[in-house]
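Bear in mind these aren't lab numbers, they're just calculated from the coordinates by the rules spelled out. The structure presented is a predicted model; accordingly, all values stated were derived computationally and were not measured. Reconstructed Cβ throughout: ideal geometry from the backbone, glycine too, with neighbour counts over all protein chains shown.
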Amino acid sequence: MYNLINDVKKKNPLVLHYTNEVTINDCANITLALGASPLMSYSKEEVEEVVSIANAVVINIGTMNSSYLDLFIEAGKMANKYNKPVILDPVGVFATKTRKDFINRLLNEVKFQVIKGNSSEIKYIGGFDVRGKGVDSFDDEEDLLEIIKKIAIKLECVVASTGKIDIITDGKNTTKVHNGTQKLKSITGTGCMTASLIGSYLGCTNNILQAATMGVITMSLSGELADKEEIPIGSFKVKLMDNVYKLNEETIKKFGRVEM
Amino acid sequence: MYNLINDVKKKNPLVLHYTNEVTINDCANITLALGASPLMSYSKEEVEEVVSIANAVVINIGTMNSSYLDLFIEAGKMANKYNKPVILDPVGVFATKTRKDFINRLLNEVKFQVIKGNSSEIKYIGGFDVRGKGVDSFDDEEDLLEIIKKIAIKLECVVASTGKIDIITDGKNTTKVHNGTQKLKSITGTGCMTASLIGSYLGCTNNILQAATMGVITMSLSGELADKEEIPIGSFKVKLMDNVYKLNEETIKKFGRVEM
Amino acid sequence: MYNLINDVKKKNPLVLHYTNEVTINDCANITLALGASPLMSYSKEEVEEVVSIANAVVINIGTMNSSYLDLFIEAGKMANKYNKPVILDPVGVFATKTRKDFINRLLNEVKFQVIKGNSSEIKYIGGFDVRGKGVDSFDDEEDLLEIIKKIAIKLECVVASTGKIDIITDGKNTTKVHNGTQKLKSITGTGCMTASLIGSYLGCTNNILQAATMGVITMSLSGELADKEEIPIGSFKVKLMDNVYKLNEETIKKFGRVEM
């Protein structure tokens, strides 16, 4: 699986982003750092054209820009039409009813290959009535892994749930990533960038679980290796980008703590 | 007052931004660097919901995006409705009649707790006819401090006027910050980020004058401490973010030059 | 010609940008790094006002934001009306018919002083029917320099074509810049920033060819000098900004490889 990082550098997949204005530059640079090519578009006019040439599509609702909501739906539908893998990043979905309703609409109108969020976002989404499957709520006593697996089965996709331990699962097969550092939460955009990395890997393989796992470990391990000697966050962000650029199969083999 | 920096880290207030696309990422990261949480939204749909959960709201007109003008007005009104402190950053208000008219509208429809700008922006705004108080113009011969105090009284809020010496006043009580460096003008967004910092402190105290003072000194002192050995501006920006992250009560006590 | 860099620092020209959301912060900072002043606007209301006070205008179609297309056309027309030099950056014009059509419209409704793109973008644009001059296609066997010269004559402007060797020409007079590094393609926005630099120089001289050449060499040389010891791209980006800030006439004379 780890050799997928070489495939990204060889194939240079085009990762199309429909994303927020806060972290759009970081998403472009992390995609380049890994060896893929970013394309960002806010054009209704070219949505079908750009989706048709992309290798993967990322949809991120970070700022909930009113002008883009219908565009994001259209981009998702086009990704389905052209059989392009599409990743959802439901930023802050639990914060407002507006976000909840929009994610509900996205999930009902678009088939996602990967949904990536922190465990709170994932558990919240897991309760939605997606395509008539009913509303659920999850018992907080239940093991997080079991909850995430149920959600992956309900949503019929790979779920990448980030947190202290990252859980990536299609409901049957699961990987856990034990790398990471709290500091990844001290700068904006590390979640958004993880979706960009997953998109980069998805552009190189049909194994969705592996692509999602590689995206998560690329961020978690690069962050962990950057967090030395109480590095403050300006420097940490530079180092994180450096580490994603330098990351290779050997480093992942040596320092990766992945449980299959 | 300096212990407010500890309160931000403890309370982790949510600072909602309606801001420009140029410095939106910097504003998010500086908010995180201080220990608060940024939320950026360009959604008409969720404005009431996000204002109601925020601890402070920042409105910044930097790019005067036509799509957002009514949204910014609505956000300000909602902040008033929910008694959330709201900060105005009238970027380049003197540059065009369009900006002047929009700021005039904001000032007449929204009650701000803090208006932060450089001294040119503040003096320009001070002349507006806000809520029937008539148009003024200020005598350039007059002492800047006296002018800023008059403006604070007229606008019924705390005014934070940045420059060689930063003046923060409600018209009666005043603080002056003597820290800073010219280099803060050599990168974009230091003004915008100061408003984010003020918002972070405002989320932790009802003492508006202290919150505004703390926001200003956090930026001015972090910049001053970063400006060593003719540091060029790429490195300066990284160092500035590092310093805000590392700043604590002791450092402010030691190096802060605040006159009450 | 190299002394133009001093003129930018002395005159501090105002460079107005109508640009994409991905690299807008980088464009503002590179403009400041050189000693000019950036202004970014997405306002239909203030377009005439801001163009009239600007020293140069940059139009960049990077994200093809549907909300901005008419605004960009209007900004270009205003630049013509007020005799302000205007630069076009036709990002990814060959990628979609939507981009092609929009650039065609821009070229037919606005007179540009400089068109800056990589050689693929320039060759693609060169084939358009601009103001009734007919559709062309270029023989790939032909020398790139000859093709770029023909395009400059057809489009009646200075063309800055970036690549392994950068070619800047008005069709009669040509400069070639041999500086640069592949790494400039490993971060997003170096092309966009080059247009900002050209705009900064254009605000200081009527010699369009020299301004465009200076913009190109400022980026190519600053990048070359930053690319030492396999520097990874997070650090490279910081160093690039540092180098533009530090660049002076002496350094260009010493390390510049410009062929007139």
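Annotations
- Judged by the mean number of other Cβ atoms found within 10 Å, the most tightly packed of the peptides B:247-257, C:165-175, A:23-33 leads the ranking A:23-33, C:165-175, B:247-257.
- Net charge of Cβ neighbours under 13 Å - reference B:Asn207; Lys, Arg +1; Asp, Glu -1: -2
- Computed from phi, the 3J(HN,Hα) profile of segment A:219-226 under the Karplus parametrisation 6.51, -1.76, 1.60 (θ = phi - 60°) reads 6, 5, 6, 4, x, 4, 6, 7 Hz, with x in place of Gly and Pro.
- When you restrict to C-alpha pairs under 8 Å that are six or more residues apart and normalise by the size of chain C, the relative contact order lands at 21 percent.
- For B:Leu39, the residues 5 or more places off, or on other chains, whose built amide H falls under 5 Å of its own are B:Val15, B:Leu16, B:His17.
- If you plug the beta carbon distance of C:Glu156 and A:Asn3 into 1/(1 + (r/R0)^6) with R0 = 41 Å, you get a FRET efficiency near 0.20.
- Euclidean distance between Cα centres, segment A:61-76 to segment A:9-26, Å: 16 Å
- Exercise: per-residue mean of other protein chain Cβ atoms within 10 Å, A:16-28: 6
- Antiparallel bridge percentage (DSSP; both residues within the protein assembly as shown; nearest 5): 30 percent
- Cα centroid separation, segment C:166-230 to segment B:97-115 (Å): 41 Å
- Among C:Asn104, C:Ile30, C:Pro232 the positive-end extreme of the charge dipole of chain C (Cβ point charges): C:Ile30
- About its Cα centre, the dipole of segment C:45-87 is roughly 260 debye, where the only charges are +1 on Lys and Arg Cβ and -1 on Asp and Glu Cβ.
- Both numbers refer to the Cα atoms of the protein assembly as shown; Rg and Dmax are 25.7, 77 Å.
- Take A:Asn173, move 7 Å from Cα toward the beta carbon, and the resulting point lies 6.4, 6.4 nm from the same point in each other copy, nearest first.
- Helix-derived mean residue ellipticity, 222 nm - over chain C, DSSP H n ≥ 4, -39500 (n - 2.57), to 500: -14500 deg cm²/dmol
- Per-copy distances of the C:Lys133 label point, shortest first, in nm (7 angstrom along Cα→Cβ): 5.8, 5.8
- Two-site FRET efficiency, B:Leu145 against C:Glu259, from Cβ-Cβ distance with R₀ of 60 Å, rounded to 0.05: 0.55
- Fluctuation leader among C:Lys123, C:Lys133, C:Lys11 - chain C, Gaussian network, Cα springs under 10 angstrom: C:Lys133
- DSSP-loop GluC sites (Glu not before Pro) across segment B:115-150, with at most 12 other Cβ within 10 angstrom: B:Glu141, B:Glu142
- Each peptide in A:181-190, B:209-218 receives the mean, over its residues, of other Cβ atoms within 10 Å, and ordering these scores from highest gives B:209-218, A:181-190.
- Shielding by partners for peptide B:111-122, expressed as the average number of C-beta atoms from other protein chains within 10 Å of each residue's C-beta, is 0.
- Whole-Hz couplings from phi, Karplus 6.51/-1.76/1.60, listed for segment C:40-49; x for Gly and Pro: 10, 9, 10, 9, 5, 5, 10, 4, 5, 4
- Relative exposure of C:Ser37, C:Ser196, judged by other C-beta atoms within 10 Å (fewest first): C:Ser37, C:Ser196
- The protein assembly as shown, dipole about Cα centre (Lys/Arg Cβ +1, Asp/Glu Cβ -1), debye to the nearest 20: 460 debye
- Cα centre as origin, Lys/Arg/Asp/Glu Cβ charges: chain C dipole, Debye: 360 debye
- Per-residue mean of C-beta atoms belonging to partner chains within 10 Å, peptide C:99-108: 1
- A:Asn83-B:Lys111 FRET efficiency (beta carbon distance; Förster radius 51 Å; 0.05 resolution): 0.45
- Summed over all non-identical Cα pairs, the Kirkwood treatment of chain A gives a radius of 18.0 Å.
- If you take the alpha carbon atoms of segment A:120-260 and fit the smallest convex hull around them, that volume is 118 Å³ per residue.
- Phi angles of segment B:18-31 translate, via the Karplus equation with coefficients 6.51, -1.76, 1.60 and θ = phi - 60°, into HN-Hα couplings of 10, 9, 7, 7, 6, 10, 4, 5, 4, 5, 5, 6, 5, 4 Hz per residue; Gly and Pro are given as x.
- Counted charge near A:Ala95, where neighbours are those whose Cβ lies closer than 10 Å (Asp, Glu -1; Lys, Arg +1): 0
- Sorting B:Asp140, B:Asp89 by the number of Cβ atoms found within 10 Å of their own Cβ, with the fewest placed first, yields B:Asp140, B:Asp89.
- In segment B:4-259, the DSSP beta bridges split such that about 30 percent are antiparallel, to the nearest 5.
- Over the C-alpha atoms of segment A:181-238, the Rg to Rh ratio, Rh being the Kirkwood estimate, stands at 1.04.
- Paramagnetic reach from B:Lys228 (point 7 Å along Cα→Cβ, amide N under 18 Å) across segment A:224-241: A:229-236
- Neighbours of C:Lys81 by Cβ distance under 11 Å: Lys/Arg scored +1, Asp/Glu scored -1, total +1.
- Take A:Glu249, push a point 7 Å out from Cα through the beta-carbon direction, and compare it with the same point in every other copy: 5.4, 5.4 nm, smallest first.
- Label point at B:Lys185 placed 7 Å out along Cα→Cβ; residues across segment B:20-50 whose backbone nitrogen lies under 18 Å: none
- Residues considered: A:Val159, A:Val57, A:Val177. Largest GNM mean-square fluctuation over chain A, using C-alpha springs under 10 Å, is found at A:Val177.
- Under a 5 Å amide H cut-off, with hydrogens placed 1.01 Å from N, B:Asn173 pairs with nothing among residues at least 5 apart or on other chains.
- Partner aspartates and glutamates whose Cα lies under 19 Å from the Cα of B:Lys149, excluding those fewer than 8 positions away in the same chain, are identified as B:Asp89, B:Glu121, B:Asp129, B:Asp136, B:Asp139, B:Asp140, B:Glu141, B:Asp166, B:Asp170, B:Glu259.
- Estimated distance in nm for a label pair at B:His178 and C:Asp70, the labels positioned 7 Å out from Cα along Cα-to-Cβ: 5.6 nm
- Here the relative contact order of segment A:61-148, from alpha carbon pairs under 8 Å that lie six or more residues apart, stands at 26 percent.
- Of the residues C:Ser66, C:Phe128, B:Leu209, the one whose Cα sits farthest towards the positive end of the charge dipole of the protein assembly as shown is B:Leu209 (charges of +1 on Lys and Arg Cβ, -1 on Asp and Glu Cβ, taken about the Cα centre).
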